[in-house]
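Below you'll find the structure, written out as structure tokens, and then a few comments.
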Amino acid sequence: MIQRLFVALTITAGRSLAQQTGISGRLTDPSSATLTHAIVSVRGDDGAKLETITNAQGIYQFPSLRAGKYVLRFDAPGFAPAERTLSLLVGQVAAVDVTLQLATAASSIAVESIAAAVDTTSSTVAGDVSPSEVARVPLNGRNYLQLAMMVPGITNNTVTNSPLGATDSGKLQINVDGQQVTQNSASDGFGEPQYSQDAIDQFQIITNRFDATLGRSSRMQVNVQTKSGGNNLHGTLYGYFRNDAFNASDPVAHRVLPFSDQQFGGTVGGPIRKDKLFFFFAYEGERQPTTIFNAPTGFGGVSYNFANELRTDTYLLHSDWAINGAQRLSVRATGYTWHVPFNNVTGSSSPTRATDSTRTSYAVLGTWIWTLSPALVNDVKVGFNLRLAEHSAHTKSGISLAHHHYRRTLQLPATTRSERLSIP
């Protein structure tokens, strides 16, 4: 039986958090004169395609792009077309200035590969973890935030749900696809959603001098980008299994300590309609059986064991719709469940504290990008977060502990609820 002692409901309205990644530049002719009303298009390796024109100063911009690989194409009457290929990481704004050559009878498309230059217009101190690093670096536990230790400025040797370790309360903010997923009312261990490593594309950690559009944090911002679909059907299927059958004897206990952990999951992504509509889905589960050893105070030194198990499940669904060359709509939904049937009992604590604990987190984010003119881009984000923590008292009338018997007299169930609504 679950008794609800209190329900805390919070609904907040505020900005969805900026996570700017983009391309801008200036188009000129061989005499360095500006080219106005030239057509500039960008195509991503995920199938995304956007188009704009240069303004009176020859400047073009794509201020709201997903991080990834892109091909820029420049077309102007009387000039040979040109293409540039480049890769963007989260938070990078690349400046790509191009000079078009006059068209001739034998003109061809000039294709060049360029590297995104260092952004000299921003004083932000940040580091990126690239898609190849997320995909190829093996992690014990598959927590993508462990890769934060590769970023300059991260000094912790142990990373759990935060690059700051256990002292992160109010000092860290994690934004996933521009949506805040951390909460300032509690530490990272309370209901913070987790994500499969295979669902994460890349992320950026800003350690100093981030701007106010990112939200509240006294020390650090983490901007995460999840994976999306594309024109090619792709996916993964995996399982990671750890068992004491492969372990050596413990040097203190002089025996092999029991241990078992299974992590499994998969991803799939691809086109629903080529060049127009795409999807990506990821799932990961973990099962970790454990045994609780407890010697409660007041039981005459008697100890007892209880079988327990950690169960987690994470889900992510991402869909993108290229409406036309000027508009793109993206919807992402995530879910996370953490369950421990025998929680809050360790060391010498009383067994009456035991609860069946479940934490769930759900989030939905919608993003609409509309290029209205060379100087005006509308970027709308609407997000909703729901977190629920339930602690149910065990209702057995009595539990035998060796030669002792006790009856539960204390029940401390609780359900807490936290909701966040983000509207730009």
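The values are calculated or read from the model by the stated rules, or taken from the named source; none is laboratory data. The structure presented is a predicted model; accordingly, all values stated were derived computationally and were not measured. A quick note on method: Cβ atoms are made from the backbone with ideal geometry, for glycine too, and the neighbour counts reach across all protein chains shown.
The table that follows gives values for the structure above.
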| item | result |
| --- | --- |
| Residue in the range 60-72 that is nearest to the chain's Cα centre (by Cα), counting only those that are surrounded by 17 or more Cβ atoms within 10 Å (Cβ to Cβ) and outside any loop (DSSP other than H, G, I, E, B) | Gly68 |
| Filtered residue count, the range 1-57, keeping only those that are of a type in the set (Ser, Thr, Tyr), surrounded by 12 or more Cβ atoms within 10 Å (Cβ to Cβ) and at pLDDT 85 or above | 8 |
| Scope the range 362-418; condition at pLDDT 55 or above and among the aromatic types (Phe, Trp, Tyr); matching residues | Tyr362, Trp368, Trp370, Phe384 |
| One residue from Pro271, Pro296 being over 27 Å from the mean Cα position of the chain (by Cα) and not assigned by TED's automatic domain parsing to the domain that holds Ala135 | Pro296 |
| Residues of the range 50-109 satisfying the condition of being among the β-branched types (Val, Ile, Thr) and over 16 Å from Gln20 (Cα atoms) | Thr52, Ile53, Thr54, Ile59, Val71, Thr85, Val96, Val98, Thr99, Thr104, Ile109 |
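Yes or no, residue by residue, for (1) farther than 30 Å from Asp45 by Cβ; (2) surrounded by fewer than 15 Cβ atoms within 10 Å (Cβ to Cβ):
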| position | (1), (2) |
| --- | --- |
| Tyr238 | no, yes |
| Asn243 | yes, yes |
| Val256 | yes, yes |
| Gly269 | no, no |
| Glu309 | yes, yes |
| Phe342 | yes, no |
